[in-house]
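The block underneath contains the structure these notes are about, expressed in structure tokens.
The values are calculated or read from the model by the stated rules, or taken from the named source; none is laboratory data. No experiment lies behind these values; they were computed from the predicted model shown. Cβ atoms come from the backbone with ideal geometry, glycine included; neighbour counts cover every protein chain shown.
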Amino acid sequence: MFKFIALLLLLASPAVASNEFQGQPFARIEFMAEAHGVIIEKLNDADAALMDAATGPRPVQGDIYLLMLRTSVIIVLVQDGIAMVSTNPIERAKIDNILGRSGA
């Protein structure tokens, strides 16, 4: 049941879904997101440094993942397998600009 509700929230209201995903094992979030076509991208060290420079330092060290929705992105910080999720999705164009990607 959690899977179904969380995915509905993710697609309909990313901000509410972010709160529901807080503190969940990342493997669970990853499974649900991939099952519904959400693109998950793990940032490499260079991209993570660009993200840190643009958004400020991470509260804890960990891997940064992007959950790519149609027009927005949810940023997920994963430490020891547990997800810390950004509470407000960011526009996809802003992420592209921060990371210096073409089409930004």
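Descriptive notes on the structure:
- Selection count where residues are closer than 23 Å to ALA35 by Cβ and either among the basic types (Lys, Arg) or out of contact with any Lys or Arg (no Cβ under 7 Å at 6 or more places or on another chain) (or both), scope segment 69-94: 14
- Of the numbered criteria (1) part of a helix (DSSP H, G or I); (2) modelled with pLDDT of 85 or more, the one GLU41 fails is (1).
- When ILE5, ILE29 are screened for being of a type in the set (Val, Ile, Thr) and either at pLDDT below 85 or touching a Cys at 6+ places or on another chain (Cβ under 8 Å) (or both), only ILE5 passes.
- Restricting attention to segment 46-104 and to residues that are part of a loop (DSSP other than H, G, I, E, B) and among the β-branched types (Val, Ile, Thr), the residue that is surrounded by the most Cβ atoms within 10 Å (Cβ to Cβ) turns out to be THR87.
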